[in-house]
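The values are calculated or read from the model by the stated rules, or taken from the named source; none is laboratory data. Predicted, not measured: the structure shown is a model, and the values here were computed from it. Methodologically, a virtual Cβ is constructed for each residue, glycine included, from the backbone with ideal geometry; neighbour enumeration extends over all protein chains shown. In case anyone asks, the SASA skips ligands and DNA or RNA and just uses the protein heavy atoms, side chains included. Shrake-Rupley method; radii C 1.70, N 1.55, O 1.52, S 1.80 Å.
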Amino acid sequence: MLAIVLASAALLNQGSAATWELKNTALTARVEFAPGQGVALTSLVSRSGIQYAGSRTPARLFDMKVRVERHAPPPNGRNPPLVNEVIEKKEHVLDGGSGWNLLGAETSERDGTHLQMRLGMSEPAVEVVLHLRLRPGASPLEVWYEVRNLGKWTMFLDRFDSFNFPLANKPLENSAIYSVRKGTTLTNVLHLETKPIGGYRMKIGPVRDRDAEEFVPWFSIQRPGDAGGIYGGWAFSAFGEIVFRPSAAGFRITGGLDSGQLSIPVEPGETKPAPMGFLGAYEGGLDDGANQLHRYLERWLAPRAGVELPLVNYNTWTAVGMNVTERNMLEHIRMAKDLGCELFHIDAGWHPKAAEWTPDPVRLPRGLLPIRDAAREAGLKFGLWVAFTQAGPALVRRQPEWLTAPMPLNWDPPSYAGLTMCLAYPPARDHMAQVLEKSVTEFKLDYLEHDQSILQTCRRDFHGHSPNAGTYEQTLAYYRLHEDLLRRHPDLLLENCMGGGNILDFGVLQRFHLFSLTDLYDPLGNRQAIYGATFPFPARYGEGYMKEAEGVSYHYQFRSYMMGYWSLSADTTKWPPAKLEACKKDIAAYKKVRSILRNGNVYHILPQPDGWHWDGMQYADPAAGRGVAFVFRPDSPDSAQVIFLKGLDPNACYRVSFEDTPETVTRGGKSLMEEGLRLNLAERFTSALVHLDRK
């Protein structure tokens, strides 16, 4: 049994206490309701018996600040309630504690144990359905809830935290908090940050102008000596925050929507969902926690794909830019086929003007279908770039009210972007849904990439959302659009780009098959990006766009993109024969090892890439007995490096071989992990690709 229900839902009444226990192979969680005290997570025990949360630090599990407003009737009977005069206002802080009545509870065993608790109170008149789910295996505890307004007046959610986890202080003594700062267009992209246990605030958001301040909504708290730890995250794409709050009573982690960007209206009878948060426990080191998370994501959250990912993608952006023609596309299709690529992906430049999603009549007089047909005849899937939230000059003149903000004076749009429309405004959202559907069906796409600004703060109150609630409502609409698209086209592959990695979270992971991690296309920038991204996300999600690189060896360039989803985006028509042959060889090697990236564990065997010291990553699939290590010597004076491999069977022997030399050696797993493997690279900006096969 995954769960033991210690109090039957049939026996509950408003004055009774109840306890539930949920259990899988990694966690045992105890949830209690007590009259006058509310609902709390009173115990969270790891597989090895560490009590991360105890009765001395009960959590209320959720936290809201509610404002109830009575509005004057609209003078013309048509204005939305948000813009009418407020004649009465009351504020309430609701933290899952006192004041709640337990109206009912039930558990189901589908996909693990799912506990639903229905809580209500009379002032304000509100009902909450709280969900806690613990899936099979080593999955984390999932927490989310819905709020329903049972009153007569509009209710506003001015704080809407998704989770409020309590932790005991003792198990976390001398621990460290790990997080990943986005910085997706900056040096040290997706940088792994480490801080001693203590007070800490992580900003989360989907826009580039806060890129240096924002984090991926993931954290891990690692105990010293690789003695295990906890990890958690938030599955949403709007502005949010995760806050670590130390105190003598315990260490509390709260997370959810950013209250500074928030005021969500809930009309009488309406229900609003709080996005899901999760908390898991793991044994071992930081990589062990990351791999446990990845298995959960792949099994339970990631959308299914009709093909095994990752593919080898040929992208046109840095090769031709905005000059997409039928002639040069057919030439690049021939190059993609010869190299061994599997997907041909036209980036921006196929359309005539900003945000006009028809083929350019001058450069593409026959449209896109001849190119698509040529790609299919070459054995390639066909993909397209569409910035579906952007409005060009013609649409802006016709529908200026669709925008998130008024059109700037003297607006002169670039050819690849327009002005952003509000996904929460129904007429604009319907238009965007039509753009997506038309693109997929008219051009017979196998793969669709979106780009440019998606979720943008909108303060236009006539859109039906509060001036401070724009990104919450837009995110829900953004998710629905792509869920509907995948329902209609289940074999379609979706890439989330948004300016090169500005939306990286567990909400988009559930609706897309891969992320563009960064708009830095150079080898070092991509190695930095995949290094940081593979703590929260599986490796095959992390796409790297490869532009031309000067002054480095061919294999150094190509292998910098082979640790995730590889998208070639360079003008291969200008490459010398030696470079083409080197690329063919590395594509063939990539195809041999990508199942290890997809099914195996990731290990960060060297420090974060900085351009001055050796760096590298290892992947190991214990079930298949295979592994691969990618190792790089950048501008380092050292010609040798010892790497200590991980995740091997200490009692097995491994055949160690090298992609670039015929040398092979046989070593024990314990020796490779404890004594290490010495690598020699005589030249700077070179690399080694090491294969491991259990004998």
Note to self: Just the residues that are modelled with pLDDT under 90 and not in a strand (DSSP E or B), please, taken from segment 236-264.
What the structure shows: Ser247, Ala248, Ala249, Gly250, Asp258, Ser259, Gly260, Gln261, Leu262, Ser263
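Rundown of residues vs (1) crowded, with 17+ Cβ neighbours inside 10 Å; (2) within 30 Å of Gly470 (Cβ to Cβ), yes/no style:
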position: Val128; (1), (2): yes, yes
position: Pro136; (1), (2): no, no
position: Tyr145; (1), (2): yes, yes
position: Phe163; (1), (2): yes, yes
position: Leu172; (1), (2): yes, no
position: Ser179; (1), (2): yes, yes
position: Thr184; (1), (2): yes, yes
position: Gly205; (1), (2): yes, yes
Checklist line | Selection within segment 371-396 - open to solvent by 30 Å² or more (accessible area, probe 1.4 Å) and more than 18 Å from Asp430 (Cα to Cα) | finding: Arg372, Asp373, Arg376, Glu377, Gly379, Lys381, Pro393
Next item on the list: Give the number of residues within segment 357-393 that are over 31 Å from the mean Cα position of the chain (by Cα), over 21 Å from Leu311 (Cβ atoms) and in a loop (DSSP other than H, G, I, E, B).
Entry: 9
Check: Picking from Pro414, Pro406, which residue would you name as being surrounded by fewer than 18 Cβ atoms within 10 Å (Cβ to Cβ), under 24 Å from Gly349 (Cβ atoms) and under 31 Å from the mean Cα position of the chain (by Cα)?
Finding: Pro414
Next item on the list: Look at Ala290 and say whether it is part of a helix (DSSP H, G or I) and either open to solvent by 10 Å² or more (accessible area, probe 1.4 Å) or within 25 Å of Gln222 (Cα to Cα) (or both).
Entry: yes
Margin query: Tally up the residues in segment 506-527 that are farther than 19 Å from Pro310 by Cα, open to solvent by 10 Å² or more (accessible area, probe 1.4 Å) and not acidic (Asp, Glu), please.
Written below: 2
Next item on the list: Could you look through segment 294-309, keep only residues that are closer than 25 Å to Gly277 by Cα and touching a Lys or Arg at 6+ places or on another chain (Cβ under 9 Å), and pick out the one that is surrounded by the fewest Cβ atoms within 10 Å (Cβ to Cβ)?
Entry: Arg299
Item checked: Residue pairs meeting the criteria (Cβ under 7 Å; at least 6 apart or on separate chains; first in contact (Cβ under 8 Å) with a residue 40 or more places away in the chain, in segment 667-680; second among the hydroxyl-bearing types (Ser, Thr, Tyr) and exposed (fewer than 15 other Cβ atoms within 10 Å of the Cβ)) -> Asn680/Ser639
Notebook entry, point to check: Given the residues Leu339, Leu297, Leu330, which is the only one that is hydrophobic (A, V, I, L, M, F, W, C) and touching a strand residue (DSSP E or B) at 6+ places or on another chain (Cβ under 9 Å)?
Noted result: Leu339
Check: From the residues in segment 85-114 that are basic (Lys, Arg) and in a strand (DSSP E or B), which one is modelled with the highest pLDDT?
Finding: Lys90
Check: Name the residues in segment 420-478 that are among the acidic types (Asp, Glu), within 21 Å of Val396 (Cβ to Cβ) and surrounded by fewer than 20 Cβ atoms within 10 Å (Cβ to Cβ), would you?
Finding: Asp430, Asp461
Next item on the list: List every residue pair whose Cβ atoms sit under 8 Å apart, with the two residues 6 or more apart in sequence or on different chains, where the first one lies in segment 637-664 and is over 19 Å from Tyr619 (Cβ atoms) and the second, anywhere, is surrounded by fewer than 14 Cβ atoms within 10 Å (Cβ to Cβ) and of a type outside the set (D, E, K, R).
Entry: Ser639/Asn680; Ser639/Ala682; Ala640/Asn680; Cys653/Thr666
Next item on the list: Of the numbered conditions (1) assigned to a loop (DSSP other than H, G, I, E, B); (2) open to solvent by 50 Å² or more (accessible area, probe 1.4 Å), Ala354 fails exactly one; give the number of that condition.
Entry: (2)
Notebook entry, point to check: Where in segment 641-695 are the strands (runs of 3 or more DSSP E), entirely inside, with at least 2 residues that are crowded, with 19+ Cβ neighbours inside 10 Å?
Noted result: 653-658, 677-680, 686-694
Check: Are there any helices (runs of 4 or more DSSP H) wholly within segment 432-541 with 3 or more residues that are closer than 21 Å to Val312 by Cα and in contact with a Gly (Cβ under 7 Å, 6 or more places away or on another chain), and if so which?
Finding: 523-533
Note to self: Based on this model, can you work out whether Ser43 counts as at pLDDT below 80, among the polar types (S, T, N, Q) and either touching a Ser or Thr at 6+ places or on another chain (Cβ under 9 Å) or not in a strand (DSSP E or B) (or both)?
What the structure shows: no
